[in-house]
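Here's the structure we're looking at; comments come further down.
The values are calculated or read from the model by the stated rules, or taken from the named source; none is laboratory data. Only a predicted model underlies this, so the values are computations on that prediction, with no experimental measurement involved. Cβ atoms come from the backbone with ideal geometry, glycine included; neighbour counts cover every protein chain shown.
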Amino acid sequence: MIALLVLGILALGFSIYSWRVTFAPFDLPITLWFQKFDSPALRSTMEWVSYFFGTWRMAIIVAVVAFILWRIKGREEAIFLAASGIVSLLHVAIKLAIERARPLAQLVQIFSVETTEGYPSGHAFASIMVFGFLLYLILTLVPQLSLRIISLIFFPLLILLIGTSRIFLGVHWTTDVLGGYLIGGFLLTGLIWLYERWKQHPSWINKPH
């Protein structure tokens, strides 16, 4: 609960700050630093990562993984994973509330055009919600130590890569991505708390008929 409170305060404070400023002092230097490494191979990789984990494609990933979870573990884990994807859609409402503009072509290179508001990054938001919860399930349910170690390395790197791709492509400021991680992390912590509560009291969800 302490972690939930801390993340909630940080997410709220960061969102208020991002609502008041167009971009933070460190946003532009970070984007320019990433983009100075531009090359056809790197740009193609970043575009592929950004495309593959965006919008409806992320929904397909959640649906497929939830179905696999349902078959090999149980419906509750599948439902909670699906919930992580559904809750991540809240970024749309937050974008409308904050109304923060995306980076301008006069300041950075825009490699991918987006028309919606900038804060928070929906990619960062969804990635930490979905892959964060999947990582939690693997760490708590999978007995193989090697698989847990691999997951502990793979999923955080994937989450960071997704956020970095949005900065590199010039569609988000670093603060947009950090905001997505903070808000998503706050909601992920709440979802894990609900899941653990269910594990302690299964009847909370599985009502007797």
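Here are some notes:
- Considering residues of the range 26-63 that are among the charged types (D, E, K, R) and farther than 30 Å from residue 133 by Cβ only, the residue nearest to the chain's Cα centre (by Cα): 43
- Members of the range 158-183 that are farther than 19 Å from residue 7 by Cβ, small (Gly, Ala, Ser) and buried (at least 24 other Cβ atoms within 10 Å of the Cβ): 165
- Selection within the range 162-185 - more than 20 Å from residue 89 (Cα to Cα) and aliphatic (A, V, I, L, M): 167, 169
- Scope the range 130-143; condition aliphatic (A, V, I, L, M) and assigned to a helix (DSSP H, G or I); matching residues: 130, 134, 135, 137, 138, 139, 141
- Any hit, the range 100-108, residues being more than 21 Å from residue 32 (Cα to Cα) and either surrounded by fewer than 20 Cβ atoms within 10 Å (Cβ to Cβ) or touching a His at 6+ places or on another chain (Cβ under 8 Å) (or both): no
- Against the list (1) surrounded by fewer than 21 Cβ atoms within 10 Å (Cβ to Cβ); (2) without any contact (Cβ under 8 Å) to a residue 60 or more places away in the chain; (3) in a helix (DSSP H, G or I), the condition residue 117 fails is (3).
- Remark: pairs (first residue in the range 15-32, farther than 22 Å from residue 90 by Cβ and in contact (Cβ under 8 Å) with a residue 12 or more places away in the chain; second residue surrounded by 13 or more Cβ atoms within 10 Å (Cβ to Cβ) and of a type in the set (Ser, Thr, Tyr); Cβ separation under 6 Å; 6+ apart in sequence or on different chains) = 24/175; 27/174; 27/175; 30/174.
- Some residue of the range 74-88 being within 16 Å of residue 174 (Cα to Cα) and among the charged types (D, E, K, R): no
- Set 127, 112, 146: member being of a type in the set (S, T, N, Q), surrounded by fewer than 15 Cβ atoms within 10 Å (Cβ to Cβ) and either part of a helix (DSSP H, G or I) or at pLDDT below 95 (or both): 146
- Within the range 21-90, helices (runs of 4 or more DSSP H) holding 2 or more residues that are surrounded by 14 or more Cβ atoms within 10 Å (Cβ to Cβ), touching a helix residue (DSSP H, G or I) at 6+ places or on another chain (Cβ under 9 Å) and acidic (Asp, Glu): 75-87
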